[in-house]
Structures are given as C-alpha cells and as structure tokens.
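The values are calculated or read from the model by the stated rules, or taken from the named source; none is laboratory data. Quick caveat, the model's predicted, so the values are computed rather than measured. So basically every Cβ, Gly included, is an ideal-geometry build from the backbone, and we count neighbours across all protein chains shown. Protein only, heavy atoms only, side chains kept; ligands, DNA and RNA dropped before computing areas. Shrake-Rupley method; radii C 1.70, N 1.55, O 1.52, S 1.80 Å.
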Amino acid sequence: MLDCEIHPSEDEVYEVVDLTEYARRHQWWSRVFGNNSGPIAEKYSVATQLMMGGVTGWCAGYVFQRVGKIAATAIGGGFLLLQIANHSGYVQVDWKKVEKDVNKAKKHLKKKANKAAPEINTFIEEATDFIKRNIVLSSGFVGGFFLGLAS
C-alpha cells in the first residue's frame, strides 16, 4: 500500500480574507461600474462633472415632475369621483371607519419606522460618502433636478 501524504511546503502562504472588510473596501458601485469607478473628481474636470450632474439631474427632475403630475391627477380624480358617487347616493362611505383605519396604519408605520433596517442605514452611509467624495457632480445633479422640476 502506498502511503501518500501531502505536506504544504514552507513556501506556501495562505491568505485569510475577512469578508466584512472586503465588502467595505469594494463598494456597490465598484461591482456595478468596475474597479476603475472611484471618485469622479479624480477622472473628470469640474466643468464636465457639473455638466454630467446637471444633465442627469434635469432628466430626473423632469421625469419626477411628470410622474408626480400624473399621480396627483389620478389620486385627485379618484377622490373627486368618490365624492360625486357618495353625494349621488351610489356609495355610502363610513368616514369614522376610514379615520380609524388610517390612524391604525399611521401607528403601524411609526412603529416600523423606528426600527429602521440596518441595510437602510448602510445605504445612507454609502450615499453620503459618495456625495462627499463627488461634491461637484452632486451639486450639479441637485441644481439640474430643481431645473427639471421647474420646466
């Protein structure tokens, strides 16, 4: 019988990887955009950053404004139709029950909001860090967003 035992040589070195530290060093945008996606300030001029932030902000603001108008029209129109149907006698609304249910939902939401998930806190910390490192781009985005809302 052949006795074969493999012994690691002294030249072999094993690296222990701490996954939590790895996750901290490799942010989500690195996984999405690749390893070269560090702070934008290192790659582009201030004018380019402002233009990129402004254009993307304007697009986001414009879309937000349009979707907001459609949502407000739908909700307002639905409420108006409900009032007309109630006044005409087609629908009887128990407003005391509606108020009770709304208050119960508000209490439930407050209780859930006080126990914010750690993932939300992590996302907020990452977003704050991104904004701090890319302040010019972020400023352009905010300005463009407000211009998009106004247009």
Take ILE120, ILE70 and sort them by solvent-accessible surface of the protein heavy atoms, 1.4 Å probe, largest at the top. ILE70, ILE120
For the residue pair ILE75 and VAL142, what label-to-label distance in nm results when each label sits 7 Å from Cα along the Cα-to-beta-carbon direction? 2.5 nm
With r defined as the distance between the Cβ atoms of ASP101 and MET51 and R0 fixed at 35 Å, what FRET efficiency is calculated, to the nearest 0.05? 0.10
